[in-house]
Every structure is written in C-alpha cells, then in structure tokens.
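In what follows, a structure is listed as structure tokens, so that the remarks can point back to it.
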Amino acid sequence: MALTAVVQSTLGSRLRVFGVSPDLVLLFLIAWVLLHGLRGSLSVSLVGGLMLDALSGAPFGLMTLCLTLASSVAGLGQLNVFSSAWYLPYLTIATATLVFQGLLLLFLRLLRESTTAGPSALWGPLLWRVVLPSVLINTLLMLPVHHLVRWLAGWRRGESAPTFELG
C-alpha cells in the first residue's frame, strides 16, 4: 500500500484521463476489502491513508479519515445477499469513490471556509469535473486492480501460478 501511495503521488499526476487521475490507493484498498473483509483491511486503510497524508498537501489525517470511511462503506458490500455478484466490485468502487471524493471535497471546503472569508468553489462544477470522472476512471480500472490484488493475495499464501478469471 505504501508503494501504491508513492506511485499515486508521483506518477499518478501524469496519468490523467478526463482531467483526473485514478485513485490507486482507493482502488487497491477496495479490492482488498472485497477479498479480505473490513476487519482485515483496517491496517491497509491506515497505511494507505497515512502515506497519502504524508505525500499530499492536504491537512494531515484527512486522507486517512476519508479512506477509512470509504472502506467502511465498501465493507457493507460483503454483508449483502448479492456478495457473489459479478458487478459488486464495480458498484462498490463507484460508491466508495463517491464517498471518498465527496468527503474530501466537503472537509476541504469546510476547512477553507473556516480559515478564509473568500468565496468557495461551487459544488456543481466540482461534481462534474472531478467526482464523476473519478467514479468513471476508478470503475473502469477496478477489473485489473481486483485481479491483481487477488493474484497478490494468492501469491502471499504461496500459490505458484497466477489465476485470472473474468468477472
């Protein structure tokens, strides 16, 4: 997760699609939550959040808080009747991205309004130019990331050959 945060902070800004960069830490975290459950992912969430906090210009702790809340929402996906549905990773990452980006924008706006008296950014353009493209990019990247995390988890357990499945 630390390596993912470094890649996101350094190379991620150069990889822009529709004006946004993929949330690599969020993608790997949600794939981990779907494979290992919320309890097994809290430490991963903490490491990813602290690394993003250390590497970003946001107030320290903000990324950790937003990632933890987004992963908690993703953990709810395991508890439903449709936990084996093929579309669950896509629905989960879309929801988690909305939660993560929405909370991040909300907290940044509240912090800005508490420190300055100037006008703040409008929600409509932020949603159209940042949040919705992030949802689209993260949803499209979920398939390869989910398979990569599944392979890494198998490799960690000592499985020799990677197995990739569609869906």
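Being outside any helix (DSSP H, G or I), over 14 Å from the mean Cα position of the chain (by Cα) and under 19 Å from L88 (Cα atoms), is that true of even one residue in region 18-29? Before the answer, list the steps.
From region 18-29, those outside any helix (DSSP H, G or I) are 18-23; that's our starting set.
Subset that is over 14 Å from the mean Cα position of the chain (by Cα): 18-19.
Subsequent filtering for residues that are under 19 Å from L88 (Cα atoms) retains none.
No, because not a single residue in region 18-29 is outside any helix (DSSP H, G or I), over 14 Å from the mean Cα position of the chain (by Cα) and under 19 Å from L88 (Cα atoms).
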statement: Over region 1-23, the set of residues in contact (Cβ under 8 Å) with a residue 60 or more places away in the chain and either over 20 Å from D53 (Cβ atoms) or of a type in the set (A, V, I, L, M) (or both) is V17, F18, G19, V20
task: Could you tell me whether T163 is β-branched (V, I, T), exposed (fewer than 13 other Cβ atoms within 10 Å of the Cβ) and either at pLDDT 90 or above or farther than 23 Å from F18 by Cβ (or both)?
output: yes
Candidate set from region 99-130 (those that are in a helix (DSSP H, G or I), out of contact with any strand residue (DSSP E or B) (no Cβ under 9 Å at 6 or more places or on another chain) and among the β-branched types (V, I, T)); member that is modelled with the lowest pLDDT: T115
- prompt: Only one of G48, G77 is at pLDDT below 90, buried (at least 21 other Cβ atoms within 10 Å of the Cβ), assigned to a helix (DSSP H, G or I) and at negative phi; which?
  reply: G77
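The values are calculated or read from the model by the stated rules, or taken from the named source; none is laboratory data. These figures come from a predicted structure and were not determined experimentally. Cβ sites come from the backbone with ideal geometry, for glycine too, and all protein chains shown count toward neighbours.
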